[in-house]
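The structure appears below as structure tokens.
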Amino acid sequence: MDFIPNTRLDEEELLKVVRASSIDELFEDIPEKIRLRRALELPPSLDENSLISHMEDIARDVKKGSAIFLGAGAYDHFIPTAVDHIISRSEFYTSYTPYQPELSQGTLQAMYEYQSAICELTALDVANASMYDGGSALAEAAKMAAEATGRKKILIPKSLHPSYRQVVDTYLAHMGYILQEIEYRDGVIDLELIEEKVDDDTACLLLQQPNFFGSLEDALGISEIVHRSGALLVACVNPISLGLLQPPGEYGADIAVGEGQPLGLHLNFGGPYLGFMACSQKLVRRLPGRIVGKTLDTAGKEGFVLTLQTREQHIRREKATSNICSNSSLCALAAVVYLSLVGKEGLREVATTSLQKAHYTASSLQKIGFERLFKAPFFNEFVMDSPIDPIKVNEVLLKEGIIGGLPLGRYYSELPNAMLFCVTEKRTKEEIDRLVRVLEGIL
Amino acid sequence: MRQPFIFELSSPGRRGASLPPCDVPEEKISDLIPEAMLRKSPPRLPEVSEVDAVRHFTRLSRKNYGVDIGFYPLGSCTMKYNPKVSERAASFQSFLDIHPYQDEETVQGALGLMYDLGKYLCEIAGVDDITFQPAAGAHGELTGLAMIKAYHSHRGDDRKKVLIPDSAHGTNPASAALCGYEVVKVPSNERGGVDIQALRDLTDNSIAALMLTNPNTLGLFEEDILEIAEIVHGNGGLLYYDGANANAILGFARPGDMGFDVVHFNLHKTFSTPHGGGGPGAGPVGVKKNLAPFLPAPTVEKKDGKYYLDDDRPLTIGKVSTFYGNFNVLVKAYTYIRALGAEGLKRVAEISVLNANYCMERLEEYYLLPYERRCMHEFVISANKQKRNGVKALDIAKRLMDFGFHPPTIYFPLIVQEALMIEPTETESKETLDAFIEAMINIAKEAEETPEEVLEAPHTTPLGRLDETLAARKPDLRWIPNE
């Protein structure tokens with residue numbers, strides 16, 4: 001099966017016009033030494049029916065959980081049906097980056113609305129039209145803070161998602177920045193350690209709220225210490241939590257980023273996801289990526305364009321604020337559709353229901369012998385010390401179709417029996433009780 | 001007609017989603033979270049019904065132009081038709097609902113798909129190993145250059161510069177800068193290729209790599225690629241292949257055989273996954289054996305018939321994505337490759353090159369062709385001829401909209417004045433190409449006879465030309481309610 005409309009007859013006509021006797025003649029610029037004179041070794045082409053069967057076979061070799069208690073950066077929230085319906089409109093999904101605004105007002109207005117929604121969520125002034133994912137958005141934010149302050153040191157709490165720390169490290173390794181880790185105490189950042197480490201050369205601190213352990217950090221306290229030395233605060237936040245928790249703009253964050261996947265995107269084995277990014281007005285010209293702005297057309301009618309493009313790689317080349325070009329536009333569309341459907345009250349409800357169910361789960365697990373490791377308040381994730389090997393716990397749960405929490409030992413050697421559980425609004429009391437019952441049976 | 005903002009459609013108390021209820025015993029929120037950590041006032045999100053939201057976004061969609069509506073010859077973007085069967089496979093519930101940290105035993109199908117896709121792409125590129133973490137082409141460049149940097153420094157060889165031709169995509173220099181490299185521009189020769197003598201003069205042992213798109217952004221194959229590779233390798237440098245234009249060479253030549261050490265593909269271009277209005281894409285990066293130890297972790301491996309994620313990579317550059325890359329996009333690319341097979345992929349190259357040459361041949365009489373050579377999958381013409389009557393590339397682009405086409409890429413590559421870069425792709429019929437050619441010829445005539453028709457275009461879109469200067473001078477980047 002191919003998707004080529006031209007027939008052999010068309011082909012001959014076209015060849016005549018270009019005055020070539022064969023198609024091969026068109027490839028004569030390729031030196032013979034590197035011409036591939038054999039067929040690529042690939043499986044034979046499939047007709048559509050066989051292809052669908054083949055893909056179904058692959059899909060059958062994937063087992064999704066009947067109840068997921070795993071989070072750690074990817075969250076199983078309920079997605080209203082209309083979200084997928086809208087992002088399946090091919091006017092949206094088969095279009096390119098809106099370089100020609102007259103033919104792209106749909107994408108552009110939707111991105112303007114997305115930016116507005118992200119500003120509302122984070123309580124910051126401006127937002128861009130998306131980055132790849134939470135980790136890469138955080139890395140770009142760290143770089144942005146370093147460039148804005150002209151300082152070299154970046155403080156990275158150990159309570160930040162281990163993969164995010166690695167992404168930041170990989171992105172910034174080549175730019176001469178100094179990355180300094182800050183230990184946690186009782187599952188949150190030790191403020192005294194910040195006091196010790198923050199100095200005149202500190203560009204920013206990367207605060208995750210709630211942090212990787214699900215615990216709530218003392219964001220206001222941290223913000224105060226960081227700003228005292230002229231450094232910036234970068235907040236990496238769970239967007240659903242902002243239905244309930246104080247937004248970054250209110251505790252003084254200069255840049256807010258996060259993983260937008262909870263806003264209407266499927267788990268999808270880790271991608272595509274959505275990095276969102278917002279900042280204060282004074283940093284707007286340092287933002288990476290696309291930004292949509294409102295303007296007027298020749299007749300004075302309101303319309304939208306990509307704007308402030310002098311920040312970007314296609315204009316500034318090596319002096320651009322970032323190299324990003326393609327982003328996660330369709331995922332950003334999903335997010336703004338999700339936020340519109342769920343709405344002002346709904347977002348708070350999703351957050352509150354997740355909070356309640358997570359606390360119910362934590363206390364139920366505590367009753368059967370699991371122990372909460374950290375005392376700090378938490379949102380919808382929490383760390384439990386398991387009385388038996390976490391790997392074993394998950395094996396038993398899996399037999400019942402339940403995806404258990406994340407064993408933390410491989411990320412934190414000091415926490416060998418710890419498990420990070422996540423409970424979203426989607427988990428029912430019945431599912432939670434089943435989780436607890438199964439575990440009770442093996443203790 | 002103006003579509004109001006979704007925020008303006010709000011009516012207090014209206015809801016568009018039915019949410020899972022709280023069926024556990026509830027506690028007082030302030031007993032769980034200290035007051036000071038709670039939000040004082042809710043975000044001003046819309047309050048609309050489902051039908052309000054669906055109509056709003058459907059109406060917006062109708063103000064968009066996509067490949068499913070018509071011809072989209074945006075040069076270097078490979079806007080080919082996106083097969084629906086790929087969309088179908090990617091929407092299987094079991095692909096959508098798997099968590100990246102699930103037990104490997106439960107995701108064998110997904111890991112197997114990545115493993116096999118990796119093998120196919122390595123075969124197509126002529127390289128040995130691959131990573132799927134990069135989410136886009138530029139992300140792939142960053143990843144590839146970071147590996148190149150790690151490779152050199154592992155050998156105790158501290159190299160400071162990256163060579164980039166003046167015809168390159170803007171992401172190339174931006175990615176090199178992000179990796180801490182100094183960018184050195186290589187001029188093009190009169191045939192549109194790399195100026196070999198200049199390359200020789202610029203290359204010494206401070207060069208970490210040369211980044212090259214082949215065919216280049218003029219749609220021309222670098223005839224001297226073997227000599228180029230020899231010069232760079234001879235000085236201990238490496239070659240990076242920007243795969244934006246790989247559509248032209250599928251099954252005809254492999255970057256690995258040309259001497260490239262690192263290769264990225266844009267799955268959203270060459271392998272027909274949709275662009276989504278700007279993303280998500282996928283930019284997997286393949287490498288030759290000597291660079292494999294530096295690949296981001298984890299990689300997907302196979303042992304005793306089982307697939308697994310290999311995190312034990314002591315020399316890895318680290319991670320560029322939180323998880324394993326854009327899996328759902330990979331499903332679509334895999335489906336595409338299985339649909340076409342080796343023969344189908346080669347035919348992609350054949351017809352994309354034939355279609356481009358056909359359009360170029362027929363337009364040559366009306367527009368300035370800066371390089372008189374056969375092209376590969378795309379070609380660049382200049383509006384310099386029309387400029388004499390005041391008609392610029394931008395005006396031609398806008399006028400094309402009135403004929404029902406998306407314009408080509410304009411003002412790129414930078415080395416051609418008033419450039420129009422046209423990439424028809426293989427998924428367009430002769431009839432479509434002819435209609436586009438007719439429109440272009442018409443516009444060339446209008447530029448002579450009634451230039452104001454072109455200068456005032458577009459006439460048929462919902463909005464006329466938009467004031468980009470105003471947008472940049474007085475940035476209005478978000479909706480704010482009228483208090």
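The values are calculated or read from the model by the stated rules, or taken from the named source; none is laboratory data. Just so it is clear, the model here is predicted, and its values are computed rather than measured. Because the Cβ atoms are built from the backbone with ideal geometry, glycine has one as well, and the counts that use them run over all protein chains shown. Side chains are part of the model used for accessible areas, which takes the heavy atoms of the whole protein and leaves out ligands, DNA and RNA. Shrake-Rupley method; radii C 1.70, N 1.55, O 1.52, S 1.80 Å.
Only one of the numbered conditions (1) within 7 Å of another protein chain (Cβ to nearest Cβ); (2) touching a Phe, Trp or Tyr at 6+ places or on another chain (Cβ under 9 Å) is violated by B:ILE351, and that is (2). Within the stretch B:157-178, does at least one residue satisfy the condition of being more than 7 Å from chain A (Cβ to nearest Cβ), out of contact with any strand residue (DSSP E or B) (no Cβ under 8 Å at 6 or more places or on another chain) and either open to solvent by 10 Å² or more (accessible area, probe 1.4 Å) or not β-branched (Val, Ile, Thr) (or both)? Yes, there is a match, as at least one residue in the stretch B:157-178 is more than 7 Å from chain A (Cβ to nearest Cβ), out of contact with any strand residue (DSSP E or B) (no Cβ under 8 Å at 6 or more places or on another chain) and either open to solvent by 10 Å² or more (accessible area, probe 1.4 Å) or not β-branched (Val, Ile, Thr) (or both).
Cβ-Cβ distances below 7 Å connect the following pairs, each with a first residue in the stretch B:4-24 that is at the interface with chain A (Cβ under 8 Å from one of its Cβ atoms), a second residue that is of a type in the set (S, T, N, Q) and surrounded by 17 or more Cβ atoms within 10 Å (Cβ to Cβ), and a separation of six or more residues or different chains: B:ILE6/A:SER340; B:PHE7/A:SER116; B:GLY16/A:SER340; B:PRO20/A:THR353; B:CYS22/A:THR353; B:CYS22/A:GLN356; B:VAL24/A:GLN356. Restricting attention to the stretch B:179-197, which residues are buried (at least 19 other Cβ atoms within 10 Å of the Cβ) and more than 29 Å from B:GLY318 (Cα to Cα)? Result: B:VAL186, B:SER188, B:GLY192, B:GLY193, B:VAL194.
When the residues of the stretch B:144-156 are narrowed to those that are open to solvent by 10 Å² or more (accessible area, probe 1.4 Å) and of a type outside the set (A, V, I, L, M), which ends up nearest to the chain's Cα centre (by Cα)? Only one residue tops the list, namely B:LYS149.
Yes or no, residue by residue, for (1) part of a loop (DSSP other than H, G, I, E, B); (2) touching a residue at least 40 places away in the same chain (Cβ under 8 Å); (3) within 21 Å of A:LYS63 (Cβ to Cβ):
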| site | (1), (2), (3) |
| --- | --- |
| A:LEU415 | yes, yes, no |
| A:GLU425 | yes, yes, no |
| A:GLU431 | no, yes, yes |
| A:VAL436 | no, yes, no |
| A:GLU440 | no, yes, no |
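Looking across the stretch B:205-241, the residues that are among the acidic types (Asp, Glu), out of contact with any Asp or Glu (no Cβ under 7 Å at 6 or more places or on another chain) and outside any helix (DSSP H, G or I) come down to B:GLU222, B:ASP224. Looking across the stretch B:137-188, the residues that are in contact (Cβ under 8 Å) with a residue 60 or more places away in the chain and part of a loop (DSSP other than H, G, I, E, B) come down to B:ASP157, B:ARG159, B:ASP166, B:SER167, B:ALA168, B:HIS169. Check the stretch B:303-315 and report whether any residue there is closer than 21 Å to A:GLY271 by Cα, open to solvent by 10 Å² or more (accessible area, probe 1.4 Å) and without any contact (Cβ under 8 Å) to a residue 60 or more places away in the chain. For the stretch B:303-315, residues closer than 21 Å to A:GLY271 by Cα, open to solvent by 10 Å² or more (accessible area, probe 1.4 Å) and without any contact (Cβ under 8 Å) to a residue 60 or more places away in the chain: present. Answer with yes or no whether A:TYR164 is assigned by TED's automatic domain parsing to the domain that holds A:GLN109, crowded, with 21+ Cβ neighbours inside 10 Å, part of a helix (DSSP H, G or I) and in contact with a Leu (Cβ under 7 Å, 6 or more places away or on another chain). Criteria met by A:TYR164.
Which of the residues spanning the stretch B:406-423 are within 12 Å of another protein chain (Cβ to nearest Cβ) and in a loop (DSSP other than H, G, I, E, B)? The answer is B:HIS406, B:PRO407, B:PRO408, B:TYR411, B:PHE412, B:PRO413, B:LEU414, B:GLU423.
Reported count of residues in the stretch B:362-383, each being within 27 Å of the chain's Cα centre (by Cα) and in a helix (DSSP H, G or I), is 1.
Listed by position, the strands (runs of 3 or more DSSP E) contained in the stretch B:285-348 that have at least 2 residues being β-branched (Val, Ile, Thr) are B:285-287, B:299-303.
The number of residues in the stretch B:351-379 that are among the acidic types (Asp, Glu) and crowded, with 23+ Cβ neighbours inside 10 Å comes to 1. Report yes if B:LEU121 is open to solvent by less than 10 Å² (accessible area, probe 1.4 Å), within 26 Å of B:ASN214 (Cα to Cα), in a helix (DSSP H, G or I) and at pLDDT 95 or above, otherwise no. Yes: the conditions hold for B:LEU121. Only residues that are crowded, with 22+ Cβ neighbours inside 10 Å and at the interface with chain A (Cβ under 10 Å from one of its Cβ atoms) were counted in the stretch B:126-139, giving 8. Given the structure, is A:SER50 farther than 20 Å from B:ASP476 by Cβ, touching a strand residue (DSSP E or B) at 6+ places or on another chain (Cβ under 8 Å), more than 8 Å from chain B (Cβ to nearest Cβ) and open to solvent by 30 Å² or more (accessible area, probe 1.4 Å)? So A:SER50 does not fit the description; no.
Only one of the numbered conditions (1) under 30 Å from A:LYS63 (Cβ atoms); (2) at the interface with chain A (Cβ under 7 Å from one of its Cβ atoms); (3) touching a residue at least 24 places away in the same chain (Cβ under 8 Å); (4) among the acidic types (Asp, Glu) is not met by B:GLU87, and that is (2).
Selection within the stretch A:287-332: residues that are part of a helix (DSSP H, G or I), in contact (Cβ under 8 Å) with a residue 60 or more places away in the chain and facing chain B (nearest Cβ under 7 Å). The member of this set that is nearest to the chain's Cα centre (by Cα) is A:CYS331. Count of the stretch B:192-204 residues, restricted to those that are of a type outside the set (S, T, N, Q), more than 10 Å from chain A (Cβ to nearest Cβ) and part of a loop (DSSP other than H, G, I, E, B), is 3.
Put simply, of B:VAL320, B:VAL331, B:VAL348 the only residue that is over 23 Å from B:PHE95 (Cα atoms) and in contact with a helix residue (DSSP H, G or I) (Cβ under 7 Å, 6 or more places away or on another chain) is B:VAL348.
Being open to solvent by less than 10 Å² (accessible area, probe 1.4 Å) and within 29 Å of A:VAL168 (Cβ to Cβ): is that true of B:ALA246 here? Here the answer is no, as B:ALA246 does not meet what is asked. Quick check, is A:LEU14 facing chain B (nearest Cβ under 7 Å) and either surrounded by 16 or more Cβ atoms within 10 Å (Cβ to Cβ) or at negative phi (or both)? For A:LEU14, the condition - facing chain B (nearest Cβ under 7 Å) and either surrounded by 16 or more Cβ atoms within 10 Å (Cβ to Cβ) or at negative phi (or both) - is met. Of the helices (runs of 4 or more DSSP H) lying entirely inside the stretch A:58-137, those containing at least 1 residues that are within 7 Å of chain B (Cβ to nearest Cβ), without any contact (Cβ under 8 Å) to a residue 24 or more places away in the chain and over 22 Å from the mean Cα position of the chain (by Cα) span A:90-93, A:105-122. Is it the case that some residue within the stretch A:125-133 is modelled with pLDDT of 95 or more, more than 19 Å from B:PRO280 (Cβ to Cβ), in the same structural domain as A:GLY260 (by TED's automatic domain parsing) and open to solvent by 10 Å² or more (accessible area, probe 1.4 Å)? Yes, the conditions are met somewhere in the stretch A:125-133. If you go through the stretch B:16-56 and keep only what is part of a helix (DSSP H, G or I) and either in contact with a Ser or Thr (Cβ under 8 Å, 6 or more places away or on another chain) or of a type in the set (Asp, Glu) (or both), you end up with B:ILE29, B:ASP31, B:GLU35, B:GLU50, B:ASP52, B:ALA53, B:HIS56.
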